[in-house]
Amino acid sequence: SLASTAITCFTRGLDLRKGTEDVLCPANCPLWQFYVFGDGVYASLSSVCGAAIHSGVITNTGGAVRVQTLPGQENYPAVNANGIQSQVLSRWASSFSVTAGPKNTALEAVGRSVSTARPSTGKRPKKTLDKKAGNKDCKADIAFLIDGSYNIGQRRFNLQKNFVGKVAVMLGIGTEGPHVGVVQASEHPKIEFYLKNFTATKEVLFAIKELGFRGGNSNTGKALKYTAQKFFSLENGARKGIPKIIVVFLDGWPSDDLEEAGIVAREFGVNVFIVSVAKPTTEELGMVQDIGFVDKAVCRSNGFFSYQMPTWFGTTKYVKPLVQKLCSHEQMLCSKTCYNSVNIGFLIDGSSSIGESNFRLVLEFVSNVAKAFEISDIGSKVAAVQFTYDQRTEFSFTDYVTKDKVLSAIRNIQYMSGGTATGDAISFTTRNVFGPVKDGPNKNFLVVLTDGQSYDDVRGPAAAAQKAGITVFSVGVAWAPLDDLKDMASEPRESHTFFTREFTGLEQMVPDIIRGICKDFLDSKQ
């Protein structure tokens, strides 16, 4: 028989590798700490043992469970059952179901302690975790923003250091695991060490131990903004495609405003968690600038990014649930920004009224918009189509995955010269350029550039593009009729329609188009 694998209270469906797996749940998991999404069929983000108790397969005394992987689905419902309240999730990529596991393997496993398949020598067998590599399943670049203000004081500052040390140990820091750094917030922020300084837990612990208490006001907002802007550069050790996280520790409340810092962090693609200790009492609330400071600063105010501890004493039990959160990289909703998660298609008018030199100005405009985005195989993508009566795909979303290659491809576009059939061109682009990426993770945008009246209907094709999930910006030059431009643009039409008399006026529109794309991206994520 298959031996069962012992798992922890926090093992999630997506942590299991096989299609069907027999596992053993431990006893006495704290029910309130379970994350469970759905009922009967659970999103793979859910705790396996939590789902098993929720569905009645086991009780809190633990036991054998068989886990079956299932495809993802829409709308996992929230149901209260067996002491666990499951949560709603609108969509997830994979699911699982749970049934009672084979009885004998449970006894067999309990009888001979899970980890030893070979005869016991009294010593515990070594875990094959490669110490240097660290925990490869935890993908995160983390800044611990610690409180160094007079609010916390020297004694609690030391308890805070101990807690951060415990979190660092449990994360499994290593060359291929999580990397961490520390910033101290007080009157002025100070970066104590960067992500690149240490890749071994021992070194990190030593560095944390050496931290000196600074004192001063708790200008957490100032420190958060500074950390979001300065800490995660590539030269300071941030890694491409790895979620950026700031864990803000706050004793009491901040002396300054966190709202602007929260906005800056989200713009920079940083996921902010707040660990608040000793929340302000009712009497103290009058001294707090903004009672909703936690919700304004965190990545999303859905409860996942805020964490509370009553005091700095006896915090050991809070370490693991926090680490669990920091390692759920698919929950890091703020890693996706408009700069790294969009597909932008440019539909470029090549009609004869434009002329070669103005056509170069159009290409320059396209380059300058594209330049603002983080183009890569895991990031944003750019495509271009030129049209007259015919259409020509200059390059598709998958042709070039670096910014340099995209920019050089834009420079090399040859002017076609001919008539103007904008409607046909929109239909062509929707089908051939956006069709292959329509189920991808990125949000889709089409920027249409034209200098004149179209010979065909633009309204129908533009409506079909929008129905296919593409946001359309129309940019008109010279003789482009305003009615056509408005008919093509997405709602609200005013903010998606642009016009300039001269081709030289395109340059000024670049920041507005970039801002428009980012605004739409953020609105779609709310």
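Among the residues making up segment 205-223, those that are open to solvent by 70 Å² or more (accessible area, probe 1.4 Å) and part of a helix (DSSP H, G or I) are F206, K209, K222. Tallying residues that are touching a strand residue (DSSP E or B) at 6+ places or on another chain (Cβ under 7 Å), in a helix (DSSP H, G or I) and open to solvent by 20 Å² or more (accessible area, probe 1.4 Å) within segment 291-312 yields 1. In this structure, K202 does not satisfy being in a helix (DSSP H, G or I), charged (D, E, K, R) and within 23 Å of A223 (Cα to Cα).
Just to be sure before I move on: is T398 open to solvent by 60 Å² or more (accessible area, probe 1.4 Å) and in contact (Cβ under 8 Å) with a residue 12 or more places away in the chain in the structure I sent? For T398, the condition - open to solvent by 60 Å² or more (accessible area, probe 1.4 Å) and in contact (Cβ under 8 Å) with a residue 12 or more places away in the chain - is met. A single entry from V382, V366 fulfils the requirement of being in a helix (DSSP H, G or I), within 16 Å of S408 (Cβ to Cβ) and in contact with a Phe, Trp or Tyr (Cβ under 8 Å, 6 or more places away or on another chain): V366. Taking the conditions exactly as written (among the aromatic types (F, W, Y) and at pLDDT below 95), does F473 satisfy them or not? No, not satisfied. Tallying residues that are outside the structural domain of F163 (by the TED database), farther than 30 Å from I378 by Cα and outside any helix (DSSP H, G or I) within segment 313-361 yields 6.
Looking at segment 352-381, which of its residues are among the hydrophobic types (A, V, I, L, M, F, W, C), more than 23 Å from T504 (Cα to Cα) and crowded, with 20+ Cβ neighbours inside 10 Å?
First pass over segment 352-381, keeping only residues among the hydrophobic types (A, V, I, L, M, F, W, C): 354, 359, 361-363, 365-366, 369-370, 372-373, 375, 378.
Narrowing further to those that are more than 23 Å from T504 (Cα to Cα): 375, 378.
Passing the criteria: only I375.
In segment 314-342, the residues that are at pLDDT 90 or above reach residues that are open to solvent by 10 Å² or more (accessible area, probe 1.4 Å) and assigned to a helix (DSSP H, G or I) with C-beta atoms within less than 6 angstrom, at least six apart or across chains, in these pairs: V319/K166; V319/M170; P321/Q33; V323/M170. Identification of helices (runs of 4 or more DSSP H) wholly contained in segment 444-526 with 2 or more residues that are in contact (Cβ under 8 Å) with a residue 60 or more places away in the chain yields 482-488, 506-525. Across segment 132-181, the qualifying residues are those that are closer than 18 Å to Y318 by Cα and among the small types (G, A, S), and the one among them that is surrounded by the most Cβ atoms within 10 Å (Cβ to Cβ) is A168. Quick one: would you say F473 is aromatic (F, W, Y) and surrounded by fewer than 22 Cβ atoms within 10 Å (Cβ to Cβ)? Against the criterion (aromatic (F, W, Y) and surrounded by fewer than 22 Cβ atoms within 10 Å (Cβ to Cβ)), F473 does not qualify. Restricted to segment 180-199, and to residues there that are over 25 Å from the mean Cα position of the chain (by Cα) and in a loop (DSSP other than H, G, I, E, B), the residue that is farthest from D141 (Cα to Cα) is E187. Determine, yes or no, whether G63 is of a type outside the set (F, W, Y) and not in a strand (DSSP E or B). Criteria not met by G63. Among the residues of segment 20-32, is there at least one that is within 16 Å of A78 (Cβ to Cβ), free of Cβ contacts under 8 Å to residues at least 12 places away in the same chain and assigned to a helix (DSSP H, G or I)? Yes, there is a match, as at least one residue in segment 20-32 is within 16 Å of A78 (Cβ to Cβ), free of Cβ contacts under 8 Å to residues at least 12 places away in the same chain and assigned to a helix (DSSP H, G or I). Identify, from the list A489, A478, the residue that is touching a helix residue (DSSP H, G or I) at 6+ places or on another chain (Cβ under 9 Å) and at positive phi. Exactly one of A489, A478 is touching a helix residue (DSSP H, G or I) at 6+ places or on another chain (Cβ under 9 Å) and at positive phi, namely A478. Would you check which residues across segment 223-251 are within 13 Å of A185 (Cβ to Cβ), of a type outside the set (V, I, T) and touching a strand residue (DSSP E or B) at 6+ places or on another chain (Cβ under 8 Å) and list them? A223, L224, Y226, A228, F231, F249, L250, D251 - these are the residues of segment 223-251 that are within 13 Å of A185 (Cβ to Cβ), of a type outside the set (V, I, T) and touching a strand residue (DSSP E or B) at 6+ places or on another chain (Cβ under 8 Å). Only residues that are among the hydrophobic types (A, V, I, L, M, F, W, C), at pLDDT below 90 and under 25 Å from the mean Cα position of the chain (by Cα) were counted in segment 116-170, giving 1. Name the single residue that is nearest to D349 (Cα to Cα) among those in segment 403-416 being assigned to a loop (DSSP other than H, G, I, E, B) and open to solvent by 60 Å² or more (accessible area, probe 1.4 Å). Ranking the qualifying residues of segment 403-416, first place goes to Q414.
Give the number of residues within segment 266-280 that are modelled with pLDDT of 65 or more, out of contact with any strand residue (DSSP E or B) (no Cβ under 7 Å at 6 or more places or on another chain) and part of a loop (DSSP other than H, G, I, E, B). Reasoning before the result, please.
Here is the first cut: in segment 266-280, the ones modelled with pLDDT of 65 or more are 266-279.
From the residues that got through so far, the ones that are out of contact with any strand residue (DSSP E or B) (no Cβ under 7 Å at 6 or more places or on another chain) too are 266-268.
Applying the additional criterion that residues be part of a loop (DSSP other than H, G, I, E, B) yields 268.
Result for segment 266-280: 1.
The values are calculated or read from the model by the stated rules, or taken from the named source; none is laboratory data. All of these numbers come straight from a predicted model, not from anything done at the bench. Glycine gets a Cβ as well: all are built from the backbone with ideal geometry, and neighbour counts include every protein chain shown. These area figures cover heavy atoms from the full protein model, side chains too; ligands, DNA and RNA do not enter into them. Shrake-Rupley method; radii C 1.70, N 1.55, O 1.52, S 1.80 Å.
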